[in-house]
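Peer 1: The structure that follows is given in the form of structure tokens.
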Amino acid sequence: MEKTDILSLDLHELEAELVRAGEKKFRAKQIFQWLHVKKVFDFDKMTDISVQLRGRLKENFCVNGLFVQKRLESCIDNTVKYLYRLCDGNFVETVLMEYSYGYSLCISTQVGCKMGCRFCASAIAGFVRNLEPSEMLMQIYETEKNSGVKISGLVLMGIGEPLDNYDNVVKFLRLLSHKDGNNFSLRHVSLSTCGIVPKIYELAELKLGLTLCISLHSAENSARSEIMPINRAYNIQELLEACRTYIAETGRRITFEYAVMDGVNSSEKDADRLAALLRGMNCHVNLIPVNKVKERQYTTAGTAVADFAKRLEKRGINATVRRTLGSDIEAACGQLRRDAINRVGNGGA
């Protein structure tokens, strides 16, 4: 019999499972807190429930754990990058970042990515599957255990497109923020999307309180379609209309991510277009230097990002330059996963 992934069950689902098995409903809350508060995943160590119930849990449920395949720690800024191996042998990446206010974690939401953005390494090794809510939670729980620090901020910006795994991501967020569990404030969560417009409208209706980050990277449709194929399905005008709805429904400011690429989107005209596009919106622009990916030709010159920030500021657009973290530990998303797949394919460990 296939076991149920207990960490992906919300409290109501867990209650229903236990009642069907003839157990008292209140036991579900005890088990839920063992999993999400105490972070105990060995049923035998759940000492305030009976031996009989522990036995039933072992028979019927499992916890899909993660295993540290590789851990890289930056000598520059204490950033730690994890390559996690999943139970089925696939890999995802997670990055722990230290800031003055605490620790933030960037997690993956899929094994690979379908979106095909030209400057990104995440899709190079191909899309395999969506991550379950438990596999997203375990990136947090295992990183806290391994690092010995408490995560205070969360970014869904690792491998994968979160809104392409919408149902699992929303369930993960509800599990993460449940008052009887981790009770993590979703105001400290940022979700980055390349722009799946229908899902932005759905997310707006939920009013979860998280920060929505839009990977824009160009203010002109033909250029954006060239580097981001999603633009062929949902163009910039459709995307911006969805963003305005999100702002109106949630009252939350949107962040637009803009990777500054030489010869692609960094000119004075590009700054004019971007300023015209965003002027009057409750938004912020986060400018990003392009990570070097050997399979991609896109680059960022030394002062290009700072220069573009000045151009936007002159045009009245609020823009900051993203702090570069972990530059000495293969910081580009997807590179560790790709290298691990290559090693396995070539007979390596």
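Computed from the coordinates by the stated procedures, all read-outs in this text should not be read as laboratory data. What you see is a predicted model, and the numbers here were worked out from it, not measured in a lab. Backbone-built Cβ (ideal geometry, glycine too); neighbour counts: all protein chains shown.
Peer 1: Rounded to a whole number, what is D in µm²/s for segment 1-124 from Stokes-Einstein with the Kirkwood radius over alpha-carbon pairs (25 °C, 0.890 mPa s)? Show your work: numbers first, answer last.
Peer 2: Numbers: Rh = 17.3 Å.
Result for D is 142 µm²/s.
Peer 1: Can you tell me the orientation of helix 304-314 relative to the chain, as the angle in degrees between its alpha-carbon axis and the longest Cα principal axis, to the nearest 10?
Peer 2: 70
Peer 1: Check residue 70: other-chain or 5+ apart residues with amide H under 5 Å from its amide H, H built from backbone geometry?
Peer 2: Here the answer is 83, since their amide H atoms fall under 5 Å of that of residue 70.
Peer 1: Under a 5 Å amide H to amide H cut-off, with H placed in plane at 1.01 Å, what residues pair with residue 256 once short-range neighbours are removed?
Peer 2: Distant-sequence amide H within range of residue 256: 214, 284, 285, 286.
Peer 1: Now, a different point. Determine the shape class of segment 4-62: with a ≥ b ≥ c the square roots of the Cα gyration tensor eigenvalues, call it rounded for a/c under 1.5, and otherwise prolate if a/b is greater than b/c, oblate otherwise.
Peer 2: On the way: a/c = 1.31, a/b = 1.09, b/c = 1.20.
The shape class here is rounded.
Peer 1: Moving on to the next point. Of 74, 100, 185, which has the largest mean-square fluctuation in a 10 Å C-alpha GNM of the chain?
Peer 2: Among 74, 100, 185, the largest mean-square fluctuation in the Gaussian network model of the chain belongs to 100.
Peer 1: Next up: Given a cut-off of under 8 Å on Cα pairs at least six residues apart, what relative contact order in percent is computed for the chain?
Peer 2: Numbers: 621 pairs, mean separation 53.5, N = 349.
With pairs under 8 Å counted, the relative contact order is 15 percent.
Peer 1: When the Debye formula is applied to the Cα atoms of the chain, each taken as the same point scatterer, what base-10 log of I(q)/I(0) results at q = 0.08, 0.10, 0.14, 0.15 Å⁻¹?
Peer 2: Taken in order of the listed q values, log10 I(q)/I(0) reads -0.41, -0.64, -1.18, -1.32.
Peer 1: Between 64, 146, 286, where does the largest GNM mean-square fluctuation fall for the chain, given springs only between Cα atoms within less than 10 Å?
Peer 2: With Cα springs under 10 Å in the chain, the top fluctuation among 64, 146, 286 is at 146.
Peer 1: For the chain, set up a GNM with springs between Cα atoms under 10 Å and report which of 21, 259, 275 has the largest fluctuation.
Peer 2: In this elastic network of the chain, the residue with the biggest mean-square fluctuation among 21, 259, 275 is 21.
Peer 1: For a label point 7 Å from the Cα of residue 323 along Cα→C-beta, name the residues of segment 63-105 whose backbone N is under 18 Å from it.
Peer 2: 73-81, 95-105
Peer 1: Mind jotting down a quarter of the surface of the convex hull over the alpha carbons of segment 142-290, in square nanometres, one decimal? Intermediate values should be presented prior to the final figure.
Peer 2: Numbers: hull surface 38.9 nm².
Hull-based average projected area comes out at 9.7 nm².
Peer 1: So who's got an amide H within less than 5 Å of the one on residue 91, skipping anything under 5 residues away but keeping other chains? H placed 1.01 Å off N, in plane.
Peer 2: 86
Peer 1: Applying the Karplus parametrisation 6.51 cos²θ - 1.76 cosθ + 1.60 with θ = phi - 60° to the phi angles of segment 102-113, what ³J(HN,Hα) value in whole Hz is obtained for each residue in order, glycine and proline being reported as x?
Peer 2: Whole-Hz 3J(HN,Hα) from phi for segment 102-113: x, 10, 10, 10, 9, 10, 8, 10, 9, 8, x, 8.
Peer 1: Students often get this wrong: which residues of segment 176-218 have the backbone nitrogen under 18 Å from the point 7 angstrom along Cα-to-C-beta of residue 40?
Peer 2: It comes to 180-182, nothing else.
Peer 1: For an R0 of 41 angstrom, estimate the FRET efficiency from the Cβ-Cβ distance between residue 88 and residue 245 and round to the nearest 0.05.
Peer 2: On the way: r = 38 Å, r/R0 = 0.92.
About 0.65, to the nearest 0.05.
Peer 1: A further question follows. May I ask for the longest run of the chain untouched by chymotrypsin sites (Phe, Trp or Tyr not before Pro) that are loop-located per DSSP and have at most 13 neighbouring C-beta atoms (other than their own) within 10 Å?
Peer 2: On the way: sites that count: 26, 101.
Longest site-free region, per DSSP loop and neighbour criteria: 102-349.
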